[in-house]
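I have placed the structure first, in the form of structure tokens, so that the comments after it can refer back to it.
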Amino acid sequence: MAAMKRQWWKEGVVYQIYPRSFQDTTGNGIGDLNGITKRLDYIKSLGVDIIWLCPIYQSPNDDNGYDISDYKSIMAEFGTMTEFDALLSGMKSRGLKLVMDLVANHTSDEHFWFQESRKSRDNKYRDYYHWWPAEKGTPPKRWSYFDVDGNAWKYDKLTDAYYLHYFSVKQPDLKWENPKVREEIYDAIRFWFDKGVDGFRMDVIPFISKDIEYPELPKKYKGNFVSYYSEGPRLHEFLHEMNQQVLSKYDIMTVGEAPGITLDKALDFVNEDRQELNMFFHFDLMSLDRDGDEVFWMRQDKWRLTEFKKIHSDWDKAFAEKGWGSMYLSNHDFPRSVSRWANDSPEHWHNSATMLHTFLLTMKGTPYFYFGDEIGMTNARFNSIEDYKDINTINRYELLKQNNISLVDFLENEKEAARDNARTPMQWDNSKNAGFTAEDPWIKVNTNFASGINVETQENDSASVLSYFKKMVQVRKSHLGLVYGKYDLLLANNEEIYAYTRTFESEKYLILLSFSEKETTVEVNEISYNKALLLISNDKVKAEQSNTRFKLKPYQALVYELT
Ligand code: GLC
């Protein structure tokens, strides 16, 4: 079975860093590369193997680095290429691998290519981007994520034409249909691979192919732009070409960010025989607590555990024979995992954070942790619009204001939904600004660093969230069956407990996770407690089990090896 083929990127644990918020060493309030280098021993101590670094390239920071103005240089705020080389060699010497972020659906409007492209209709770079000449009338509607008016076509007076931007006006979409564009991107990828980088996370990769007639949105999409964007006619041709021309030449890993990709399309990307990508991030879980197609609005009723289980069971099935999954609960675009998927109240925070660690580390698929989740960082829940820095929150606020729509509800929504919840600085210790910076941080530090949610306090406590994280990583690493074993869901209809087994050759594991704030007892058919060896539990109280009946404390996690 291809899915069983051993690979370093299947067995590794990934740690994602948002560089802007990790560690400032210069006093400008912004995290930097030297800050990451300074913390490499800490990262290594977690037991993780692979670091995914959000964009560090030159950028005017309209979207915090997801708007690149030069693919081969480092953002001045973050440091220099020499500092990057030192960071990379510091990783290599500790046996850590580095995955970079490839943002190639669009560039910054300050990229040289776009600066040239917009100059004249016959410029050499004109065809690097999508242009619609104004004499053809207004272009058919395209929706934009970060545009104040939600319009993805921006009129540019100089050449009397519109350019396409699925994200902000400062993020024009590249025209992958032009072979020169693809060659430029492959060249940039080679540049980093030749330096020794171990892979790429590919930003909104399903959006790269477009129908360059730009027709009206086909009816079958019923207005769902994300699906339409992710199904461009030449998408798989481009991915396969990139694989053949660049990716396959190196021992690297790739993981696509894949909004819009549904279960039935999964293997088109990661079936090994197709030679495209290794893994991708689906968005089914990320949409679970959202209001239908309204990706930025929280749904009013609470999501149910049975829905959560179904998403993971379905995706596990998609990769049962071919391909490989990626497991994540949070990243720089979503709120903090403990606040979102469990319970961050002081009473339940510890078990909640560690139960979620247990989940990611006992599922099949590569686990991705977002920095700070290892110490249980929580949502910042800012009260005022002034505290937000994210273009997504700020532009939506502007739009509502212009239309006289209630801002109170919006600000309440952002307390749970905003991306900035996950972008507050890393909480290192009890000192000023949690040890992130000596000066004013670019975004407010969450005040709960002073109440134990910081690295230093937790490193000195063997019962801390951080200590559990490290132990749980080792549990995964010392039991190959937790990586490759077959997943089987138990108690599918239970709304409190997520239970499953993992089976691999003669090894078998039982995982029980409570998503409830009450003590819960479950009957697990055919699995006798007498034959279960407890590998790890996140609760101080020793569980009282008997025969096939398992009792779990609120948000308790239990991992058993069955003999
Ligand atoms: C991806 C990134 C997000 C960014 C967007 C545009 O979704 O993860 O942070 O804003 O693409 O590049």
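The values are calculated or read from the model by the stated rules, or taken from the named source; none is laboratory data. Quick caveat: nothing in here was measured; it's all calculated off a predicted structure. No Cβ is skipped: glycine too gets one built from the backbone with ideal geometry, and neighbour counts run over all protein chains shown. Side chains included, ligands, DNA and RNA excluded: accessible areas come from the protein's heavy atoms. Shrake-Rupley method; radii C 1.70, N 1.55, O 1.52, S 1.80 Å.
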Beta bridge orientation in the chain: antiparallel %, DSSP, nearest 5: 65 percent
Using every Cα-Cα pair within region 165-318, state what percent have a distance larger than 23 Å. 45 percent
Per residue of region 31-45, what does 6.51 cos²θ - 1.76 cosθ + 1.60 with θ = phi - 60° give for ³J(HN,Hα)? Whole Hz please, x for Gly and Pro, Karplus curve as stated. x, 8, 5, 4, x, 5, 4, 4, 9, 4, 5, 4, 4, 4, 5
Residues in region 42-72 near a label at E11, defined as backbone nitrogen under 20 Å from the 7 Å Cα→Cβ point? 44-52
From DSSP H assignment alone, runs of 4+ in the chain each adding -39500 (n - 2.57), the sum over residues rounded to the nearest 500 puts [θ] at 222 nm at -8000 deg cm²/dmol
Output row, site K477, 7 Å Cα→C-beta label point, backbone N cut-off 17 Å, window region 88-128, residues 91-98
How much net charge surrounds P172 when only other residues with a Cβ under 14 Å from its Cβ are counted (Lys, Arg +1; Asp, Glu -1)? -2
For region 486-562, one quarter of the surface area of the C-alpha convex hull, expressed in nm², comes to 4.7 nm²
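Which of the peptides 164-175, 213-224, 292-303 is most tightly packed, and how do the rest follow, going by the mean number of other Cβ atoms within 10 Å of each residue?
164-175, 292-303, 213-224
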Percent of alpha-carbon pairs separated by more than 32 Å within the chain: 45 percent
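Quick check for me: using +1 on Lys/Arg Cβ and -1 on Asp/Glu Cβ, what's the dipole size of the chain about its Cα centre, in debye to the nearest 20?
Around 1040 debye, computed over the chain.
Could you sort S462, S73 by accessible area so the largest value comes first, with the probe set to 1.4 Å?
The ordering from most to least exposed comes out as S462, S73.
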Could you check how many percent of all C-alpha pairs in region 132-181 are farther apart than 12 Å? 62 percent
